[in-house]
Amino acid sequence: MELKKNDRINLKIDSCSVNGSGVGRHNGMAIFVPATAVGDEITAHILKVKKSYAFAKVESVITPSADRIEPECPVYLKCGGCVFLHMTYEAESKLKAAHVAECFKRIGGVMPEFEPIIAAEADSRYRNKAQYPVAFENGEIKTGFYSPHSHRVVHCPDCRLQPEEFEGILAVFAQYIKENGVSVYDETAHRGLLRHVYIRKGSASGEIMVCAVINGKKLPAEEKLVAALLEKEKAIKSIVVNINTKDTNVILGDKCRTLWGSDYITDILCGLKFRISPLSFYQVNRNQAEKLYNKAAEYAGLTGSETVMDLYCGAGTIGLSMAKNAKEIIGVEIVPEAVEDAKINAEINGITNSRFICADAAQAAQMLKDEGARPDVIILDPPRKGCSPDMIKTAAQMCPEKIVYVSCDPATLARDCGIFKDLGYTAVKATPVDLFPRTGHCETAALLVRTVSAI
């Protein structure tokens, strides 16, 4: 019998995707069902039918999987951020490790030695950064996160992944908006003032930065907002306005103005002090970032005589964490504010064997190559989209002995490792490191070694 929309069927879940959707089979057709775990026996309500697969939702759980648990978050299904809250963290970790290995095999055509996943010690309250969209609906202020594939804000002022202090800060903004008639941004009409409330916390230092992202130059009654925030939370060290007047989905604009306190906060990572400004990249899970960087350092295997090129260096965290064991660190980053932070981070930690270049990674790599720079080790930590083909070719032509590739997307990492293989670099080891428990994301560190001269 042909499957159609609104059918109800009994289904056994026998696998699970990295986005948290369980997969069962009905008459040979794959059925994807969010919020299910391997071993679940369910009644599935069919939502959409394609030629060879279908999508469904759980109508009822007949027999729960041994991995199934009750999600703690009341908006779990509406928000869509924590795709694994319905299963144990142990089961989630196994799925992520398997997904990384599958990406290398299927996409990159390479099979390094996979080391065990480095799971997180805590799967809640681990994030040090949140960007909350703000909405006004039925006379109430809503702060939380966008529902998947929409601009509808799911009200969630106390996300279980964020520090507890963030909820109180959001409450201050809600009261401030009401008392001062502050308009909130409408993503559809592209009107309104307050777009996002952006909060960062130094997990080791405890310092908090509060940033209001606005569609304009200033907020009304800024002094009242500052006073209310400081009264609510004593750990606040920086209150900033970020100006973003563009019609864009990009959250932050290029300009910041400090309303109170410092232009930055500080945190401790790998024994070093780091300055974090609003536009600086800094890993959202500090404790797991230390483990990731320690694994990267292990793969680099520095002895003190190596020149290390740190591409996509951000505020310099990875390179500077290795500086004590290197001859020289050369960092490259396209965001000017992050480069300034990197230079200051080197200075405040007494690191004198580093220099930082503000440029696109591919262009800077080509420039350094033209100068005759020959790194012994190249560190790559690109955005989710991975490296461009030109970037990969230039890196290979610089002939480092090792390339340590840190990635937040195993698919693009695997793709790039396949390209590197054709240029004489073989991925020999890889370790998944879970910086994002309960979500569908996972970092991976990979070691590539030079096997033949690059073309």
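Structural remarks
- Close pairs (8 angstrom Cβ cut-off, 6 or more residues apart or separate chains): among the hydrophobic types (A, V, I, L, M, F, W, C) in the range 324-347, surrounded by fewer than 17 Cβ atoms within 10 Å (Cβ to Cβ) and part of a strand (DSSP E or B) anywhere: 329/355; 330/355
- Some residue of the range 42-61 being in contact with a Gly (Cβ under 7 Å, 6 or more places away or on another chain), within 27 Å of residue 411 (Cβ to Cβ) and in contact (Cβ under 8 Å) with a residue 24 or more places away in the chain: no
- Selection from the range 175-211 of residues that are more than 21 Å from the chain's Cα centre (by Cα) and closer than 30 Å to residue 86 by Cβ: 187
- Qualifying positions in the range 100-121 - closer than 19 Å to residue 298 by Cα, within 24 Å of the chain's Cα centre (by Cα) and not in a loop (DSSP other than H, G, I, E, B): 114, 118
- Residue, farthest from residue 314 (Cα to Cα), within the range 349-364, restricted to residues that are without any contact (Cβ under 8 Å) to a residue 12 or more places away in the chain and not hydroxyl-bearing (Ser, Thr, Tyr): 350
- The range 420-439 - residue that is more than 30 Å from residue 126 (Cα to Cα) and not aromatic (Phe, Trp, Tyr) and, of those, surrounded by the most Cβ atoms within 10 Å (Cβ to Cβ): 427
Table: residues versus (1) buried (at least 22 other Cβ atoms within 10 Å of the Cβ); (2) assigned to a loop (DSSP other than H, G, I, E, B); (3) out of contact with any helix residue (DSSP H, G or I) (no Cβ under 7 Å at 6 or more places or on another chain).
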position: 329; (1), (2), (3): yes, no, no
position: 332; (1), (2), (3): yes, no, no
position: 338; (1), (2), (3): yes, no, yes
position: 351; (1), (2), (3): no, yes, no
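- Residue within the range 346-369 that is β-branched (Val, Ile, Thr), closer than 26 Å to residue 273 by Cβ and touching a Ser or Thr at 6+ places or on another chain (Cβ under 8 Å) present: no
- If only residues of the range 7-16 that are free of Cβ contacts under 8 Å to residues at least 40 places away in the same chain and either polar (S, T, N, Q) or not in a strand (DSSP E or B) (or both) are counted, the one that is farthest from residue 440 (Cα to Cα) is 7.
- Of the residues making up the range 227-248, those that are touching a residue at least 40 places away in the same chain (Cβ under 8 Å) and out of contact with any Leu (no Cβ under 8 Å at 6 or more places or on another chain) number 6.
- A single member of 408, 442, 417 is surrounded by fewer than 21 Cβ atoms within 10 Å (Cβ to Cβ), in the same structural domain as residue 100 (by TED's automatic domain parsing), at negative phi and not basic (Lys, Arg), and it is 408.
- Positions within the range 62-110 being at pLDDT 95 or above and among the charged types (D, E, K, R), in sequence order: 67, 68, 90, 92, 94, 96, 102, 105, 106
The values are calculated or read from the model by the stated rules, or taken from the named source; none is laboratory data. Owing to the predicted nature of the structure, the values given are computational and were not obtained by experimental measurement. Here Cβ is always computed from backbone atoms with ideal geometry, including for glycine, and neighbour counts include all displayed protein chains.
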